[in-house]
Amino acid sequence: MKQLYFKAEDAWESERLDKYLAKQCEDLSRSYIQKLLKEGHVLVNGRPEKSSCRLAAQDEISFSVPDAIVPEILPEDIPLDIIYEDQDVILVNKPKGMVVHPAAGHYSGTLVNGLMYHCRDSLSGINGVMRPGIVHRIDKDTSGLLIVCKNDQAHACIAEQLKVHSITRRYQAIVHGRFQEETGTIDAPVGRNPHDRMKMAVNRTNGKEAVTHYKVLRQWERYAMVECRLETGRTHQIRVHMSHRNHPLLGDCVYGPDPNPMKCMGVTLSGQTLHARVFGFVHPSTKEYMEFEAPLPEYFASVVERMEGKSS
């Protein structure tokens, strides 16, 4: 059990208790905080209070957070599209719809479950039992290349390259709208959306540096195909940046104009049209630069083909 203590500052006068705790504990969801409030894990001035409790300045808050129960993550015989593998790393072409690592609601069918079956005990342990071998991730509905490390030395090497932005990561996406320019750079910090903690946003107050370089590959009447090169790797970076520039990704149900699965040119889209096409890195053992490319998935190629046919 972890004990947290807070004293409400004057600026929080009359704020709801659950909103205050959600701001102080950004790693916990508001629904989970409300659950703990109902169970009596939160005391204000020594007394249990409800979510709707309005704070007064200098209120003393005691918050008991139960220890997380780590579920057993089991190996599963899941087909993996392995682009490259050696004793240090694996490059996997992740399909759209697959979750990278186990989390609440997704303890099976993830990439990690498949990797545990494929690699047996040969995965780095730096990120713990929930994320063995995982150095970075891509969203569930983003397809494409992802590197996985088989030992801690390789993990530390790749993590350092990600930290100093020396990894090559190029994505292809279809976005709404046409561009006047052929290339551009979006340099805008990304952080939690202050109005919706489930989303990210360009946040110039509390966001972290985020830089995306883009190049227009093709344009149609109402859409464009772009290549995005990541200089940094913030959560939902490309999706947030392109939406910020009024070019949300086609099919994006979070940052785009349509909150539901949609059809485009006869192809059903559930989630953003985004593919991690190129990944390049310096190999942890050989110290040689290696670069790999994953072809566009069928659904993505079908949209492009139909748009090309319509524009001809």
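Could you check, for segment 209-220, whether at least one of its residues is modelled with pLDDT of 95 or more, more than 16 Å from the chain's Cα centre (by Cα) and crowded, with 22+ Cβ neighbours inside 10 Å?
Yes, that holds for at least one residue.
Can you tell me how many residues in segment 116-125 are surrounded by fewer than 17 Cβ atoms within 10 Å (Cβ to Cβ), part of a loop (DSSP other than H, G, I, E, B) and not small (Gly, Ala, Ser)?
Result for segment 116-125: 2.
Residue 145 passes all but one of (1) touching a strand residue (DSSP E or B) at 6+ places or on another chain (Cβ under 6 Å); (2) farther than 16 Å from residue 280 by Cα; (3) outside any loop (DSSP other than H, G, I, E, B); which number fails?
Status for residue 145: all satisfied but (2).
When only residues in segment 77-100 that are open to solvent by 50 Å² or more (accessible area, probe 1.4 Å), in contact with a Phe, Trp or Tyr (Cβ under 8 Å, 6 or more places away or on another chain) and assigned to a loop (DSSP other than H, G, I, E, B) count, which is nearest to residue 133 (Cα to Cα)?
77
Which ranges mark the strands (runs of 3 or more DSSP E) fully within segment 184-224 that have 2 or more residues being under 17 Å from residue 304 (Cβ atoms) and in contact with a strand residue (DSSP E or B) (Cβ under 6 Å, 6 or more places away or on another chain)?
It comes to 211-219.
Taking into account only those residues within segment 266-280 that are out of contact with any strand residue (DSSP E or B) (no Cβ under 6 Å at 6 or more places or on another chain) and surrounded by 17 or more Cβ atoms within 10 Å (Cβ to Cβ), which is nearest to residue 139 (Cα to Cα)?
Per the criteria, the residue is 271.
Looking only at strands (runs of 3 or more DSSP E) that lie completely in segment 250-312, which have at least 1 residues being closer than 30 Å to residue 158 by Cα and touching a Pro at 6+ places or on another chain (Cβ under 8 Å)?
274-282
Per-residue answers, yes or no, for (1) in contact (Cβ under 8 Å) with a residue 60 or more places away in the chain; (2) over 32 Å from the mean Cα position of the chain (by Cα); (3) open to solvent by less than 60 Å² (accessible area, probe 1.4 Å):
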residue	(1), (2), (3)
6	no, no, yes
14	no, yes, no
25	no, no, yes
35	no, no, no
39	no, no, no
42	no, no, yes
47	no, yes, no
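Could you say which residue among 206, 260, 246, 193 is in contact with a Cys (Cβ under 7 Å, 6 or more places away or on another chain) and over 21 Å from residue 94 (Cβ atoms)?
260
Within segment 281-301, does at least one residue satisfy the condition of being surrounded by fewer than 16 Cβ atoms within 10 Å (Cβ to Cβ), under 24 Å from the mean Cα position of the chain (by Cα) and over 30 Å from residue 85 (Cβ atoms)?
No: segment 281-301 contains no residue that is surrounded by fewer than 16 Cβ atoms within 10 Å (Cβ to Cβ), under 24 Å from the mean Cα position of the chain (by Cα) and over 30 Å from residue 85 (Cβ atoms).
Which of the residues that make up segment 156-203 are under 26 Å from residue 30 (Cβ atoms), modelled with pLDDT of 95 or more and exposed (fewer than 13 other Cβ atoms within 10 Å of the Cβ)?
The answer is none; no residue qualifies.
The values are calculated or read from the model by the stated rules, or taken from the named source; none is laboratory data. Note that the coordinates shown come from a computational prediction; the quantities given were computed from them, not determined experimentally. Cβ: placed from backbone, ideal geometry, glycine included. Neighbour counts: every protein chain shown. Remember, those area values only see protein heavy atoms, side chains included, never the ligands or the DNA or RNA. Shrake-Rupley method; radii C 1.70, N 1.55, O 1.52, S 1.80 Å.
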